[in-house]
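Report on the following structure.
The values are calculated or read from the model by the stated rules, or taken from the named source; none is laboratory data. All figures in this text were calculated on a predicted structure; none of them were measured in a lab. Ideal geometry is used to build each Cβ from the backbone, glycine not excepted, and the neighbour counts take in all protein chains shown. These accessible areas exclude ligands, DNA and RNA; they are computed on the full protein's heavy atoms, side chains included. Shrake-Rupley method; radii C 1.70, N 1.55, O 1.52, S 1.80 Å.
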Amino acid sequence: MTFNDELAAFRAAHPHIASAEMFMVDLNARLRGKTVPIEALEKLAKGTMKMPSSTAGLDFFSEDVIGGGLAVEMGDPDGVIDPVSGTLRQALWADPVCAQVQVVVRTPDGEVADYDPRNVLAEVVARAAAAGITPVMAVEQEFFLVDQAAPLPACLPSGQRLSAGQVYDMDVARAMAPLTDKIIAASTALGAPPEAIVTEYGGGQFEINLHHTDPLTACDQAIALRRAVRETARNAGLDATFMAKPWGDTVGSGLHLHLSVCDNDGRNLFDGRSDAPNGVMKHAIAGIVRHMPGSMLIFAPHLNSYRRFVPGFLCPVEATWSIDNRGAAIRVPETRGKGARIEHRVAGADANPYLVAAAVLAAALDGLDAKQDPPEPVSGEIRPRMAAPLPLEWGQAIAEFERSSFCAHALGHRFR
């Protein structure tokens, strides 16, 4: 189905919707775009709608990055935007309800913008396909609900402040159901139906799990989920934060990525039919572990990101892997059947899901190509010096990233 077909079907199904919000995802995972009358999406369908090509490369404070090569150095020309198939959906939180559609950027001369984070992931997925590999991914997203009037966790409808120690607490889940049910409905309307929502370790902290699908769709859904969470929370008089570490005395929030790889017939290549990872899974783990230090800037992109890496808070500080151990950087929940997969637990909730997925998948592909084995898995309590340390300071992570020939190849020299 073309976007023109999608648009016609959407307008026929929702004749009351008069406006649409179009956005792209920048390098910091912030959404940037504009609101237009629904009729203007016909220009998007024709490929004649534009946005400044520098939009993808703005910093977190919406400033041009001097030296980035996307703004003043080029005269800040317009780039062409294309719709992402399947993202034209209803934004249920809006009053009145409006449409929402995600876009990607092309360069002023019409080429694929290899600095657009979604395009970065698409290139890695294409390399996997050329090798006969079909990746399957799912995202788990953690966040905190926050009081708008004070920098504190949200309160229950009863007025009681949410506190630490609420992990899997069904009383809290039931009390917050009027809000979380609306989040589920809003996310589902955007094409990102949650698989589960649970209360987490921190006061006011929740985790929402999304379904396994192809990498691009998995990340599109993660972006849709974040927006549904934020906007629905605001309608309820709360804020939602995806900071990696909002408070220093409790846990941080992560973005956990589950990965399996299939062949062209859909068979899970990680299915080892035993209690230990098979050779294919081991090779993938070896690549991910080997390139983890150099990729740390992708997983922890901001200064606040590094406050999350504290021993004892189930956040990895070394490049470890394990069988079903949540303290390790790589957890293997299953080794048999369709569910055989790797869980990557390093990235913070503030990371860009497209770039996280691109870095993890590219490292796994490199491991499969090299056919090397990983170090020994860890078990039990995770203690210091069990594996190679990760760069746990922002400047150190930047230096490791700049030195990494893997990142330059995996993510593209233009992106770097």
Review point. Which one of these is surrounded by 15 or more Cβ atoms within 10 Å (Cβ to Cβ), acidic (D, E) and in a loop (DSSP other than H, G, I, E, B): D109, D114?
Key: D114
Point to revise | Considering residues of the stretch 288-312 that are farther than 20 Å from A358 by Cα and in contact with a Phe, Trp or Tyr (Cβ under 8 Å, 6 or more places away or on another chain) only, the residue most open to solvent (accessible area, probe 1.4 Å) | key: L303
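Filtering the stretch 1-41 down to residues that are assigned to a strand (DSSP E or B) and polar (S, T, N, Q), which residue is surrounded by the fewest Cβ atoms within 10 Å (Cβ to Cβ)?
Applying the first criterion (assigned to a strand (DSSP E or B)) to the stretch 1-41 yields 19-25, 31-37.
Then keep just the ones that are polar (S, T, N, Q); that gives 19, 35.
On the way: S19: 17, T35: 14.
Residue satisfying both the conditions and the ranking: T35.
So which of A276, A240, A244 is in contact with a Lys or Arg (Cβ under 6 Å, 6 or more places away or on another chain) and either farther than 18 Å from T199 by Cβ or surrounded by fewer than 18 Cβ atoms within 10 Å (Cβ to Cβ) (or both)? Before the answer, list the steps.
Working: A276 fails: in contact with a Lys or Arg (Cβ under 6 Å, 6 or more places away or on another chain); A240 fails: either farther than 18 Å from T199 by Cβ or surrounded by fewer than 18 Cβ atoms within 10 Å (Cβ to Cβ) (or both).
Going through A276, A240, A244 in turn, the sole match is A244.
State yes or no: is L257 open to solvent by 10 Å² or more (accessible area, probe 1.4 Å), in contact (Cβ under 8 Å) with a residue 24 or more places away in the chain, closer than 22 Å to V356 by Cα and among the aliphatic types (A, V, I, L, M)?
Working: open to solvent by 10 Å² or more (accessible area, probe 1.4 Å): no; in contact (Cβ under 8 Å) with a residue 24 or more places away in the chain: yes; closer than 22 Å to V356 by Cα: yes; among the aliphatic types (A, V, I, L, M): yes.
Answer is no for this residue.
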Practice item. Look through the stretch 49-69, keep the residues that are open to solvent by 70 Å² or more (accessible area, probe 1.4 Å) and in contact (Cβ under 8 Å) with a residue 12 or more places away in the chain, and return whichever of them is farthest from T2 (Cα to Cα). Key: F60
Review point. Taking the stretch 42-62 as the region of interest, how many residues are assigned to a strand (DSSP E or B) and among the basic types (K, R)?
Key: 1
Review point. Only one of these conditions is not met by V360: (1) within 26 Å of G279 (Cβ to Cβ); (2) open to solvent by 80 Å² or more (accessible area, probe 1.4 Å). Which number is it?
Key: (2)
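Considering only residues of the stretch 161-192 that are under 21 Å from G254 (Cβ atoms) and either touching a helix residue (DSSP H, G or I) at 6+ places or on another chain (Cβ under 8 Å) or of a type in the set (D, E, K, R) (or both), which is surrounded by the most Cβ atoms within 10 Å (Cβ to Cβ)? Explain how you work it out, then say what you get.
Within the stretch 161-192, the subset under 21 Å from G254 (Cβ atoms) is 162-169, 172-173, 176, 180, 183-184, 187, 192.
The next check asks that each one be either touching a helix residue (DSSP H, G or I) at 6+ places or on another chain (Cβ under 8 Å) or of a type in the set (D, E, K, R) (or both); those that pass are 162, 166, 169, 173, 180, 183, 187, 192.
Values: L162: 25, Q166: 21, D169: 15, A173: 15, T180: 22, I183: 25, S187: 24, A192: 27.
Among residues in the stretch 161-192 that are under 21 Å from G254 (Cβ atoms) and either touching a helix residue (DSSP H, G or I) at 6+ places or on another chain (Cβ under 8 Å) or of a type in the set (D, E, K, R) (or both), the one surrounded by the most Cβ atoms within 10 Å (Cβ to Cβ) is A192.
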**Study point:** Residue within the stretch 371-382 that is modelled with pLDDT of 95 or more and of a type in the set (V, I, T) present
**Key:** no
Point to revise | Residue among V146, V124 that is assigned to a strand (DSSP E or B) and at pLDDT 95 or above | key: V146
**Study point:** Qualifying positions in the stretch 336-356 - more than 19 Å from the chain's Cα centre (by Cα) and open to solvent by 10 Å² or more (accessible area, probe 1.4 Å)
**Key:** R336, G337, K338, G339
Review point. In the stretch 255-281, what residues are within 24 Å of the chain's Cα centre (by Cα) and within 30 Å of R308 (Cβ to Cβ)?
Key: L255, H256, L257, H258, L259, S260, V261, F270, M281
